[in-house]
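What follows is a single structure, written as C-alpha cells, with notes after it.
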Amino acid sequence: MEQIKKLYDWLDNRTGIRDHIRETLFENVPGGSRWRYVWGSTLTFALMIQFITGIFLWMGYSPSGQTAWESVYYINNHMTGGHFLRGLHHWTAQVMTVLLVLHLMQVVIDGAYRAPREVNFWFGVILLKLTLALSLTGYLLPWDQKGYWATKVATDILGGTPLVGEYLKTLVLGGSDYGHHTLTRFFALHAGILPISVIALTAGHIYLFRRHGIHPKKPLKGPDEFFWPEQVLKDAVACLAVLVTVLVLHFSFNGAHLDAPADPSTNYPARPDWYFLFLFQFLKYFPGHWEILGAIVLPGIAMTLVFLMPIIGKSEKGHKFNVGLLFGILVFAAVLTYAAVNADKNNESLQASKAQAEREAALVKKMAANGIPPEGALALLQGPKLFAAHCASCHTYGGEDGLGGKVDKPSAPDLKGFASREYLTELLHPERYGSEKFFGNTAHIKKSKMLGFLEDEFEFIEESEMDQLVKAISAEAKLPSQVNLDKSDKSDIEAGHELFEEIGCVDCHALGGWNADDYSAPDLTGYGSREWMMGIVHNPEHERFYGSKNDRMPAFGRDEKLTRKQMERIVDWLRGE
Amino acid sequence: MSKENVSSQEDSQPDRRDFIKGASCAIGAAIGAVPMAAGVRVVLDPLTRQSETEGAAEFIRLTDVSDLSEGEPMKFAIVEDKKDKWSRYKDVPVGAVYLLKTATQEESETSISVIAYNTVCPHLGCFVDYREKEQDFFCPCHDSNFDLNGKLVKGVSPRAMDTLEVDEEKLKAGEVWVKFQRFKGNTKEKIAL
C-alpha cells in the first residue's frame, strides 16, 4: 500500500495526474445525483462498445467484392465468439440510436441548450448525424442483399441532389457503379473518418459539458453532491441496463442477420434499417421530380430547425415551440414507421421475395461451409440459381427447384445426388425407376427397354451383386464426396464391371469405351463425371447420350442457351464440387 | 524572457515579428496541405476516370423466341464479363431484364415482337417484381406500379420502365438479343449511363 502511494506521488509529481482525477471525480452536481443525468454516460458507454467490438471485427473483415460477405460470414459462422461479437456491434448500434433520441429529448425538454450551452448542443446534433452516418455506412459492409439494395436507394437519393448529385455519388461509390471501391470507401468512412470525427466532437462535447457544468433540473431535489460516487453509480447502473438490453436483443434475435451475397440480378425488397424506415416511407408520397422535396428539402428544413433550437428557444414561447417540434417529428416518424411496417406485412409479393431471400441465404451459408472459391460466394450460388432458372421447369433437386422453392409438375428425374451410390441404388430398383422421381414422367419410360429389363432381372440379382454394380457405375463419376470410398472399394468395383457384362447391361450401355455402332443406350463410361455431364447438357441428342430418342431435354450448349461457364457452374454444383 | 520583454521586442521589431508569424503560418499550411492534397487527388480519381464499363454496349443473346410464352414477362439474368478496378470477371450477373413476347395480327400475318425491360426501377434503383396475379410490374420499395407495357399506372416513378433495344434482325431469325444498358435514376428523361 505504502509502495503504491509512493508510486502515485512520483507519477503525480511528474504529470499532475492527481488534480486531473480530482477534477474528474469531484465535479459538483447541483441538487445531487439524478437518474435523468445518465443519458450522456450511456452514450459514451455505447460508443465505447462500438469502438472495442468494431476494432475486433476489423481484424476479421476484408473489404472487397469477393471478400466482404465472405469474411463477415466467416466471422459470423466459423470464428469462435464471432457471432456474439457481431451481434454486440449490431445491436449496440440499434440501441445507440434510441439513446441518442432520448438524450436529445432530455436536453430539449430541460432547455439545456440555452446560453451558454449552444455550441455544445450543436456538437451534439452533429454527433447525432455522425452516428446515423456510421449506421448507414455500416449497413453496406457485409455486402449482402439487404445492405446492397438498401444502400443503392440511399446513394441514388444522393445522386438526385441538384447540381452536384452525380459527382457526389461517383465519389462515394468510387466509380460509376457499385464495386470494390464502394466497399473500401464505405469502410474508410465507417472505421476511419467518421470515428475520428466522433472522437473529436465527443471530446469537445464532454469538455464543454464540464466547462459549463451539469444543467440542473429545477426544482433541485436535495443538497449538492459530487459526481463520485453517487452519480457514477447511477451512470454505471444505467450502462449496465444498456448492456443487458443489448444482450437480450442479441439473444432474442439470434445475433445479427446476414443475407445472401449481393447480387444485382436477383430481386430483393430493399429496406433500410428500422430507424430510417420513416424517411423511406416518406418518399412514397413524392412522385417524380417532387422526390427531392421528401428526400432532401423537408428533412433538411427539419434538421435546420433542430439546429437552430438554442436560438429559437431563447424565449419561453420559442422553447415551447422546440419541444412541440421535437415531439411532432417523433410522432410523425412513429406514424410513418408504423405505416411502412404495416404496408410490408400486407404485401404478398414482398413477403414472397423475402422468403426466397431467406432460403437463398440459408442455402449459400450451407454451401459456403465447405469453403468458398476465390471468385466469392456469389459464384457459389450461381449453380442453384441457374438450375432454378433453366432446369427446374422439368427437373427437381431433392424435390425442389434448387433454391428451396417448389416445382409445380416435375417431368424429368430429380438430380440431387446424381450418380452417387445412393442415387443409383434407388434408380436401379424397378419400382423406383418408373416413379415420378426418376423417369416416370418422361418418354423414356415407354420407349426404352430399361424398365422391362429391370423388372425381369432385378429379382435374380443378389443384393451384394447389385451393390457391386452400383459401386462400379458410380465410380465413373469420380464424385468429390466418394473419392475415398472409390479407392477403398477397388475389388467391388472390379466385380461390378464383370457383372455389368454378365447381366447384360453391356448389350445396350458401354462402360469403359463407347462407340456409336455397338451401343444403343446412353454411354456409361465416365457416367456422372464432369466431362460426361457437360456433354449431356451440351447436347443430349448426341449419339453418345439419348440420340434421336431424347425426350424434351434442350441442347443447352449446342443451341447456345447457356454459356460454357454457366453449364460448368450447374454441373459443378450438382456434383458437389 | 519576461512578458514585457517580448512585447517591447515586438514593438521595436514589428516587421521581423510579422515575418516570423507569417512564415510560421505559411509553413504550417504548406506542410499540412501536401499530404492532404495527395490524398484528395486520389479520392477524386473516379471523377476524372473514363468509366470502365463505358464503350458501346453490345447485344447479348438471351434466349430463343420460341422459349418465351406470349403475354407473360419472363426474367433473364444478364451475365457479362465485367471489370471492376483490378478484377476482371468472366460471366457474372450484372443485372436482369424482363422479356415480354407479343404477337400482333396484321391481316393474315402474325408479327412477333419482344419488349425488353431493365428490371431496375427508374425511381431509386430497386428491383421491380413481376406480379402474375395482378398482371403488372411492381416496385417493392416505393410502390410504383407499371402495366405490362411498362407504363406507370400509379406511384412515384418519374418515368415508365426502361425499355432496352432488341435486335430486330436476330428476332426474325428466332433469337432474342438485347442491348443491356443502365439509366440514370429519378429523371424524367431516360439517360443512358
Separation of alpha-carbon centers, segment A:353-386 and segment A:146-213, rounded to whole Å: 29
Residue (of A:119, A:103, A:147) at the positive-pole extreme of chain A, dipole from beta-carbon charges: A:119
Anchor residue B:170: lysines whose Cα lies under 16 Å away (excluding residues fewer than 8 positions away in-chain): A:561, B:101, B:179
Separation of the residue A:36 and residue B:81 label points, Cα + 7 Å toward Cβ, nm: 6.9
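Could you report segment B:59-179's accessible area per residue, 1.4 Å probe, as an integer in Å²? Can you show the working numbers first?
Numbers: 5580 Å² over 121 residues.
Dividing the accessible area of segment B:59-179 by its residue count gives 46 Å².
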No Cys partner within the rule (Cβ under 4.7 Å), the protein assembly as shown: A:239, A:391, A:394, A:505, A:508, B:25
Euclidean distance of C-alpha centroids, segment A:540-561 and segment A:105-121, integer Å: 77
Segment A:470-511 - convex hull of the alpha-carbon atoms, volume per residue in Å³: 53
Listed residue (A:300, A:257, A:215) projecting farthest to the positive dipole end of segment A:188-311, Cβ model: A:215
Contact order normalised by residue count of segment A:125-219, Cα under 8 Å, 6+ apart, percent: 30
Within straight-line cross-link reach of residue A:146, aspartates and glutamates at Cα separation under 19 Å, skipping those fewer than 8 residues along the same chain: A:70, A:156, A:177, A:259, A:263, A:273, A:344, A:348, A:358, A:360, B:129, B:143
Cβ-placed point charges (K, R +1; D, E -1), dipole of segment A:373-574 about Cα centre in debye, nearest 20: 1280
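Count of lysine pairs in segment A:422-518 with Cα atoms under 16 Å apart, counting only pairs 8 or more residues apart in sequence or on different chains? Numbers along the way, then the final one.
On the way: A:437/A:446; A:471/A:487; A:471/A:490; A:478/A:487; A:478/A:490.
So the count of such lysine pairs works out to 5.
Which of the residue pairs A:354/A:409; A:284/B:154; A:366/A:416 have a Cα-Cα distance greater than 19 Å in the structure shown? Let's see the in-between values first.
Details: A:354/A:409 24 Å; A:284/B:154 11 Å; A:366/A:416 15 Å.
Where the Cα-Cα span goes over 19 Å, the pairs concerned are A:354/A:409.
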Centroid-to-centroid separation of segment B:99-119 and segment A:502-531 [C-alpha atoms, Å]: 45
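Whenever you get a sec, compute what percent of the accessible area on the protein assembly as shown sits on carbon and sulfur atoms (1.4 Å probe). Intermediate results must be reported in sequence, preceding the final value.
Numbers: 24030 of 39750 Å².
Carbon and sulfur: 60 percent of the exposed surface of the protein assembly as shown.
Protein chains only, probe 1.4 Å: how do A:228, A:91 rank by accessible area, largest first? Kindly include the intermediate steps, with their values, before the conclusion.
Values: A:228 115, A:91 30 Å².
If we order A:228, A:91 from most to least accessible, we get A:228, A:91.
Taking the Cα centre as origin and putting +1 on Lys and Arg beta-carbons and -1 on Asp and Glu beta-carbons, what dipole magnitude results for segment B:59-179, to the nearest 20 debye? Each step should come with its number before you reach the end.
Working: 16 positive and 23 negative charges, 151 e Å.
The calculated dipole for segment B:59-179 is roughly 720 debye.
Quick one: divide the alpha-carbon radius of gyration of segment A:373-574 by 2.2 N^0.38 Å and tell me what you get. Write down the numbers at each step before the final one.
Details: Rg = 16.8 Å, N = 202, 2.2 N^0.38 = 16.5 Å.
Compactness ratio reported: 1.01.
Tell me the mean residue ellipticity at 222 nm calculated for chain B from its helices only (DSSP H runs of n ≥ 4, each -39500 (n - 2.57), averaged over every residue, nearest 500).
Numbers: 4 runs with 49 residues, N = 193.
Per the formula, -8000 deg cm²/dmol.
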Distance histogram in 20 Å bins (all Cα pairs of chain A, percent per bin): 16, 37, 25, 15, 7, 0
Which of A:187, A:30, A:73, positive extreme of dipole for segment A:24-269 (C-beta unit charges): A:30
Alpha-carbon Rg/Rh ratio, for segment A:53-171, with Rh computed the Kirkwood way: 1.07
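For chain A, what does the accessible surface come to per residue with a 1.4 Å probe? Please give it in Å². If you can, show how the numbers build up before the last one.
Working: 28480 Å² over 577 residues.
Spelled out: the 1.4 Å probe surface of chain A, per residue, equals 49 Å².
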Spatially proximal lysines relative to residue A:218 (Cα-Cα < 25 Å; intrachain offsets below 8 disregarded): A:234, A:314, A:317, A:320
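How do the peptides A:18-31, A:322-335 rank, highest first, by the average count of neighbouring beta carbon atoms within 10 Å per residue?
On the way: A:18-31: 12.8, A:322-335: 14.6.
With the highest mean Cβ count within 10 Å placed first, the list reads A:322-335, A:18-31.
The values are calculated or read from the model by the stated rules, or taken from the named source; none is laboratory data. Here the structure is a predicted model, which is why all the values come from computation and not from measurement. All Cβ positions, glycine included, derive from the backbone under ideal geometry; neighbour counts span all protein chains shown. Keep in mind that these areas ignore ligands, DNA and RNA; they rest on the heavy atoms of the full protein, side chains included. Shrake-Rupley method; radii C 1.70, N 1.55, O 1.52, S 1.80 Å.
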